[in-house]
Amino acid sequence: MSPVAHAGLGLLGWQVFDKKKSIATLTAYILAANLADVDFLFYKLFGPKPIFIHQYYTHNIAFVLIVGGLLALLLARGASRWGLVLTGLSHLALDIIVIDTMKPIGMRLLFPFSKTYYNLGFFPFLRRGSWPVMTSTRNLMVLGLEFACFVLPVILFYRRRRGRRFASAAFWRL
Ligand SMILES: [Zn+2]
């Protein structure tokens, strides 16, 4: 799924688990929610190397637990940390429901212990490629669907508390 949907679950995780509720912890939660897609970023930055094949080495529970666990050390002990790791795992839960059209189909969730691929494949996928393909009406509709399913409900549910939060000085303190 796109960073839009993952950010929605990052926001949800932050609302539910984080104790400090600051801009820094919100950033950490959004990063955790998108963490597994670091392969995509590295592929773009460093070129088409096998280690950066999308969803190949970073879309598994072990990677998220280790890297998410390290990121969680930046937060206060307790629910804030565990919540951040859970938010990282939400990435896999979202990606597994997306229709995968690129081989190998699915993600190796239990890598390095198992190389079995998992994919439920019912949520529409974003087409990647040239700028016209990426900004096609179809892709914009998929992004709208992601926003409607995974961002809007969180914004609406927490709208009152969030308004107060963003207005407080404590939120902006690092
Ligand atoms: Zn992903």
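The values are calculated or read from the model by the stated rules, or taken from the named source; none is laboratory data. Fair warning: this is a prediction, and the values are worked out from it, not measured in the lab. Accessible surface areas use protein heavy atoms only, side chains included; no ligands, DNA or RNA. Shrake-Rupley method; radii C 1.70, N 1.55, O 1.52, S 1.80 Å.
Descriptive notes on the structure:
- Residue 43 accessible area, 1.4 Å probe, all protein chains in place, Å² to nearest 10: 90 Å²
- The GNM of the chain, with springs linking C-alpha atoms under 10 angstrom apart, assigns the highest mean-square fluctuation among 47, 144, 83 to 47.
- Lysine pairs with alpha-carbon atoms under 22 Å apart, region 3-163, spacing 8 or more or separate chains: 4
- Residues 16, 151, ordered by accessible area of protein heavy atoms at a 1.4 angstrom probe radius and largest first, appear as 16, 151.
- When the Gaussian network model of the chain links Cα atoms closer than 10 Å, the mean-square fluctuations of 12, 84, 74 top out at 74.
- Axis of helix 79-96 versus longest Cα principal axis of the chain: the two differ by about 30°, to the nearest ten degrees.
- Prolate/oblate/rounded call for region 1-111, Cα gyration tensor, a/c under 1.5 rounded: prolate
- Amide H contacts under 5 Å for residue 123, placed H, 5+ residues apart: 98, 99
- Using a Gaussian network model of the chain in which every pair of alpha carbons under 10 angstrom is joined by a spring, one finds that among 80, 90, 114 the greatest mean-square fluctuation is at 114.
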